[in-house]
Amino acid sequence: MRYLGKNSISSFLRIACNIAWYFNLILGGILLLGLFFFAIHGSEILPQLMKDFSFQAPGLKFFIDLRMVTVRPLPRVTIVAVFGSAICFIAVSLFILYQLRKIFSNLVKEEPFVKENVLRVRKIGVIVLVGAVLQSIVEYLIGYFVVQHVMIQGMRLVPDFGLNFPALLAGLSVLVLAEVLKEGTEIKEDQNLTI
């Protein structure tokens, strides 16, 4: 099993990243169209979409009788914010996929130890860390919004803030791998100068 070069795992992963890249572009376009549509018609359509109100928590799914739910009118800025955060998520995904596509292209060319890869891996680590923190903030704000606009008889809703520790750990791990790759790149450059 080959990891570098043509017809290798790197080649397969490059193709998978290309497919994911185009899928995210299409999804981003659909979300952008949805943003414009809901910004114009959201207040009329949203009550029809909320006929069945349910939500999930790990290991549980809640179905709420809508006669027990009071939903205040949703300001357009809220709808724009929800779609905007989804578009930001797509943008972050596209950024990471772009970096991965370039890294795998270098691996297919059998050039793993180049400065370009070090910078790309470092960028991925930073964006994963920043994304984990921003995700926590956005989730809290959505919870806060729900508390302000949705009331359910017999239930008390409270927004909750929590950091995504697996994503933070992944981001830090990627940064460590970037430093290991940097060391390997420097050793390769020294070796090339010696020859």
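The values are calculated or read from the model by the stated rules, or taken from the named source; none is laboratory data. Bear in mind the structure is a predicted one, so any value in this text is a computation, not a measurement. No Cβ is skipped: glycine too gets one built from the backbone with ideal geometry, and neighbour counts run over all protein chains shown.
What are the pairs, 6+ residues apart or on separate chains, where a residue within the stretch 5-16 that is assigned to a helix (DSSP H, G or I) has its Cβ under 8 Å from a residue that is aromatic (Phe, Trp, Tyr) and surrounded by 13 or more Cβ atoms within 10 Å (Cβ to Cβ)?
Ser10/Phe104; Ser11/Phe104; Leu13/Phe104; Arg14/Phe104
Determine which single condition Val126 fails, assuming it passes every other condition in (1) under 26 Å from the mean Cα position of the chain (by Cα); (2) free of Cβ contacts under 8 Å to residues at least 40 places away in the same chain.
Tallying (1) under 26 Å from the mean Cα position of the chain (by Cα); (2) free of Cβ contacts under 8 Å to residues at least 40 places away in the same chain, Val126 fails exactly one: (2).
Residues Val158, Val147, Val133: which one is hydrophobic (A, V, I, L, M, F, W, C) and touching a residue at least 24 places away in the same chain (Cβ under 8 Å)?
On inspection, the qualifying residue turns out to be Val133.
When you go through Val174, Val138, Val147, Val118 one by one, which is the residue that is of a type in the set (A, V, I, L, M), at pLDDT below 90, surrounded by 17 or more Cβ atoms within 10 Å (Cβ to Cβ) and in a helix (DSSP H, G or I)? Outline the logic, then answer.
Details: Val174 fails: at pLDDT below 90; Val147 fails: surrounded by 17 or more Cβ atoms within 10 Å (Cβ to Cβ); Val118 fails: at pLDDT below 90.
Matching residue, one of Val174, Val138, Val147, Val118: Val138.
Is the stretch 8-31 home to any residue that is aliphatic (A, V, I, L, M) and either touching a strand residue (DSSP E or B) at 6+ places or on another chain (Cβ under 8 Å) or at pLDDT below 85 (or both)?
yes
From the residues in the stretch 87-101 that are under 15 Å from Val174 (Cβ atoms) and not polar (S, T, N, Q), which one is surrounded by the fewest Cβ atoms within 10 Å (Cβ to Cβ)?
So, considering only residues that are under 15 Å from Val174 (Cβ atoms) and not polar (S, T, N, Q), the one surrounded by the fewest Cβ atoms within 10 Å (Cβ to Cβ) is Phe95.
Spot the failing condition for Leu193; the list is (1) out of contact with any strand residue (DSSP E or B) (no Cβ under 9 Å at 6 or more places or on another chain); (2) at pLDDT below 90; (3) more than 25 Å from Ile103 (Cα to Cα), and only one is missed.
Going through the list (1) out of contact with any strand residue (DSSP E or B) (no Cβ under 9 Å at 6 or more places or on another chain); (2) at pLDDT below 90; (3) more than 25 Å from Ile103 (Cα to Cα), Leu193 breaks only (3).
Taking into account only those residues within the stretch 1-31 that are charged (D, E, K, R) and loosely packed, with under 14 Cβ neighbours inside 10 Å, which is farthest from Lys102 (Cα to Cα)? Walk me through how you get there before you give the answer.
Keep residues of the stretch 1-31 that are charged (D, E, K, R), which gives 2, 6, 14.
Of the ones still in play, those that are also loosely packed, with under 14 Cβ neighbours inside 10 Å are 2, 6.
Values: Arg2: 19, Lys6: 15 Å.
Here the answer is Arg2.
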